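Data first, discussion second: the structure below is written as structure tokens.
The values are calculated or read from the model by the stated rules, or taken from the named source; none is laboratory data. None of these values were measured; they are calculated from a predicted model. Note that we place each Cβ from the backbone using ideal geometry, even for glycine, and neighbour counts take in every protein chain shown.
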Amino acid sequence: MRASLAIPVVLAVLAVGPAAQAQQPVTHVAASVVPQTKPAAPQTKPAAPQKPKTPPPRRGLRVFGAAEIEYLTATDTFDAVSDLPVLIGYGGGVELENLIRRLFVRLSITAGAINAEHGLVVDGSFVPTGVPFDIGMRTVEFGGGWRFGRATKSFYAGAGLTLRKFTEKTDGFPEEDVAESHNGYYANAGFDFRVAPKFFVGLEGFYRKVDAGEGTALMRDFNESDLGGAGARILFAFKVK
Amino acid sequence: MPQTRFMLAVSCTALLSGALVLAEPQFQRQVPTVRVPNIRVPSIATPRVDVPTVPRGAMQSIAMPVMSAELMQAHLEASVRGLDYLPGRVLVKFKAGAGSADQARALSVLGGDRAVSDVERFGDLTIVKDSSGVDPRELAARLRQQPEIEYAQPDYLLELHSTPNDPSYAARQWNLSLLNMPRAWDIAQGGATDIIVAVVDTGITMLPPQLLEVKTWDGAAIVTHQLQVGHSPDFTPGRFVLSRDFTISTTAPPSNVIDTDGHGTHVGGTIGQDTNNGLALAGIAYNVRIMPLKACRGYWDIQFAMSAAGTPGRPPAGTTTGCPSSATSAAIRFAADNGARVLNYSIGGDSPNPVVLDAMRYAVSKGVFIAMSNGNDFEDGNPTKYPASYGPTIDGAMAVASVNRALGRSYYSSTGSWTEIAAPGGDSRQGNTIWQTSIRSSDASTALFFPRFDRYDERGFQGTSMASPHVAGLAALLMSRGHTDPALVEALIKETAQDLGSPGQDDSFGHGMIQPFRALFGRGVRR
């Protein structure tokens, strides 16, 4: 009995491939393809083995919160104004999973800020002027990806579009404030694992490219134009459905 | 294996969380806050500013120092003969290591039994006095041939680079609006009191209202006169520091400085007359301290010296201001040795002047930024101007051209490859001049017998003399913000200049017009 149960399962797994392995409850597969205990009516020739049917994984919805650290591509510029070209952001989003098999789509919003100092570039060196300002970056990303692995532990990779709103604010000098939006794209890859029945923790790496042009200030002086970066993000996801 | 992967994931998560926690303080670092007060530019409607009258009887008269008879005679002869140097004087710099015997040998080429003691020394410069009547240019040429001598030149009389002009319009300080100074002051608030700006010019009267006893000519005889003098009400006396009059002596200049011309007071006013005090006009670096160094004599200085020497009559017609190279270079060195961080030099001439060049190099090496006027001779053959043309060779000294209100080149502003930067200097043909408080012109008129130098008006001048102090004022603000290297100050001013004329650096505007706000504020990531 045990052996007869195992054979169709193996066949089904081979047919579906590794993508199915993670999600497919074994009992479902077994129930659908287990042969009847009673043989069917006699046939003139033995029936060909039925191709096992894998029901699509259940669609689901996750909401998540995220904290990320991003090493900005415009290294010289951000290194000059803030000593470290790094943006720490917080945010969250939603993820529709298993839209088509293991395909998911995700919408996320994160925001980060940097305390910075104005300055000028003289002979390639940054000279701070002592006038502080705040940099803000709000990032909206929409994209999708594919999960590999099981329901409890999975790896994923994806890509999508990035919309980044960039702001500069200086107390007392509103005419110097900047608010720009730039488009780009991102790619990410990571893994998550279930730590409680509906609660997941994930870690992913990402790369964003947001071409903003040189502008008229320090990015121009340093010959940089990318407001994106590469970084890592930790996610805390709750499976709503 | 799954357990291993799980542990790996947990470890990575913990590491990342730790990194986040550790990284956080670096993003929270505090940058010094800039206070943003509301700077109120004082009304410019006040046409006349009087120092409160002090009754004559209440004041004790002291003798006003005047230049020596010998020096006065040299100035007079230069005026009469139309010379651009003082006759009977050659400025010499001996090479290092030249001893007394070597110097005596070198000077012997002038002929006669000239003793090395026939000289006056200050710094590493020697003034050789000659009464033979030989042209100093020829004497200097002979001396330059001597192996002990680094250079020799006549004591060139440099000229002030401005032309007074009557006002004909109401918007007086368009120059400060053009430079967006109110916003610049929001950052630098008039500069710091520990920054000293030296003004090498006709002086800025630093005495409180008082009487000075002078000899002068009353039309019939030399008489003793109680000359009324007093500082501008738009300069708090406590802001003056270490004033000196080098027109009287290069080696022992007296500390009482009287501006008998008005040019120095006007220039000093642009650099930093009191501001936001509800009185008269504004200056750029209105909190810094001012070092008035008189190196240019005016008509009345000659008159008083003549009368003191017993010479009857008045200076010859056409006697105007003049600035001996010996006096200006001594003033530059004095400023450098006594704490000045910025120096304005609205003076120039047409002859190469290694004496002044040396002094400027010395000053910059001591941490002094120098702004100098570019020259006003565009329509007079546009000759190469000195020391302006030395500007590009000294990182930390800038030659300043003049722009008018429409951001065009002022019609008089000299042009050349030496031009480094531009600032408002006025243009009477365009109907705009630079307004500052200075001595009342009618009180100092050469038509008078008894002038007075204690009453002040708002006066409109034009010239690269007026452009240069804008740059000096900006440099003082930058120094106040911690940019203390003269070469860096120059670089910041150039970097933030508004390009005018042909793209990039050009002969008319150099790198363009100064932008004080941008230089002080800097740039952000995108703006």
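Tabulated data for the structure shown
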quantity	calculated
Filter result for the condition that a residue is in a strand (DSSP E or B), in the same structural domain as residue A:222 (by TED's automatic domain parsing), out of contact with any strand residue (DSSP E or B) (no Cβ under 7 Å at 6 or more places or on another chain) and of a type in the set (Val, Ile, Thr), over A:105, A:140, A:121, A:131	A:121
Of all residues making up the stretch B:380-391, the number that are surrounded by fewer than 21 Cβ atoms within 10 Å (Cβ to Cβ) and under 17 Å from residue B:467 (Cβ atoms)	1
Qualifying positions in the stretch A:175-194 - more than 11 Å from chain B (Cβ to nearest Cβ) and over 16 Å from residue A:72 (Cα atoms)	A:181, A:189
Every pair of residues 6+ apart whose Cβ atoms lie under 7 Å, when the first sits in the stretch B:506-527 and is more than 14 Å from every other protein chain (Cβ to nearest Cβ) while the second is part of a loop (DSSP other than H, G, I, E, B) and of a type in the set (A, V, I, L, M)	B:509/B:500; B:512/B:497; B:512/B:500; B:513/B:407; B:513/B:497; B:513/B:500
Condition check for residue A:231: surrounded by 20 or more Cβ atoms within 10 Å (Cβ to Cβ), closer than 16 Å to residue A:110 by Cβ and more than 9 Å from every other protein chain (Cβ to nearest Cβ)	yes
Subset of the stretch A:70-102 [of a type in the set (Asp, Glu), away from chain B (no Cβ under 13 Å) and closer than 20 Å to residue A:138 by Cα]	A:95
Every residue from the stretch A:201-217 that is without any contact (Cβ under 8 Å) to a residue 12 or more places away in the chain and either on the phi > 0 side of the Ramachandran plot or more than 9 Å from every other protein chain (Cβ to nearest Cβ) (or both)	A:214, A:215
Test: residue in the stretch B:442-463 that is of a type in the set (Asp, Glu), surrounded by fewer than 22 Cβ atoms within 10 Å (Cβ to Cβ) and within 22 Å of residue B:388 (Cα to Cα)	no
Lone unmet requirement of (1) surrounded by fewer than 24 Cβ atoms within 10 Å (Cβ to Cβ); (2) more than 14 Å from every other protein chain (Cβ to nearest Cβ) for residue B:468	(1)
The stretch A:143-174, subset at negative phi and not in a strand (DSSP E or B), residue farthest from the other protein chains (Cβ to nearest Cβ)	A:151
Extreme residue, nearest to residue B:264 (Cα to Cα), among residues of the stretch B:302-341 that are among the small types (Gly, Ala, Ser) and assigned to a loop (DSSP other than H, G, I, E, B)	B:340
Among (1) surrounded by 24 or more Cβ atoms within 10 Å (Cβ to Cβ); (2) more than 19 Å from residue B:324 (Cα to Cα); (3) within 18 Å of the chain's Cα centre (by Cα) - the single one residue B:244 does not satisfy	(2)
Flag for residue B:430 being farther than 30 Å from residue B:231 by Cα and not small (Gly, Ala, Ser)	yes
Residue check, residue B:115 surrounded by fewer than 19 Cβ atoms within 10 Å (Cβ to Cβ) and modelled with pLDDT under 90	yes
